[in-house]
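Report on one structure; see the data block that follows.
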Amino acid sequence: MATAMLEYTKTILQKVSFDSRLFSRELKKAISRLLPNEVEELKYWLQQFTTDKPELQTTLIYLKA
């Protein structure tokens, strides 16, 4: 079950997806604030969300660390 913080993070990432630098910054913040199981859910969501956004796919590297 997704938590409120995870849902809020998804909303923010969707809103800033027009700028890959801003998206990266928000993603880094999210990773540091979410619980490990929420980060795993976010990882799955991001893989789906960035499928048609090649400019954002490079940000997935932050989830592999």
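The values are calculated or read from the model by the stated rules, or taken from the named source; none is laboratory data. All of these numbers come straight from a predicted model, not from anything done at the bench. Keep in mind that these areas ignore ligands, DNA and RNA; they rest on the heavy atoms of the full protein, side chains included. Shrake-Rupley method; radii C 1.70, N 1.55, O 1.52, S 1.80 Å.
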**Request:** Calculate how steeply helix 36-49 sits against the longest principal axis of the alpha-carbon atoms of the chain, using the helix alpha-carbon long axis, and give the answer as 0 to 90 degrees to the nearest 10.
**Result:** 30
**Length released on extending from Gln47 to Glu7, taking residue separation times 0.36 nm less the Cα-Cα span** = 12.8 nm
**Request:** May I ask you to evaluate 6.51 cos²θ - 1.76 cosθ + 1.60, the Karplus curve with θ = phi - 60°, for each residue of segment 10-26 and list the ³J(HN,Hα) values in order in whole Hz, giving x for glycine and proline?
**Result:** 4, 4, 4, 4, 5, 5, 9, 5, 6, 10, 5, 5, 5, 4, 4, 4, 5
**Message:** Give the aspartates and glutamates reachable from Lys53 as a straight Cα distance under 16 Å; neighbours fewer than 8 places away on the same chain don't count.
**Reply:** Asp19
**Prompt:** Taking the Cα atoms of the chain alone, what are Rg (to one decimal) and Dmax (as a whole number) in Å?
**Reply:** 10.6, 29
**Portion, in percent, of the accessible area of the chain that falls on carbon or sulfur, probe 1.4 Å** = 56
**Prompt:** Relative contact order for the chain using alpha-carbon pairs under 8 Å, separation at least 6, rounded to a whole percent?
**Reply:** 36
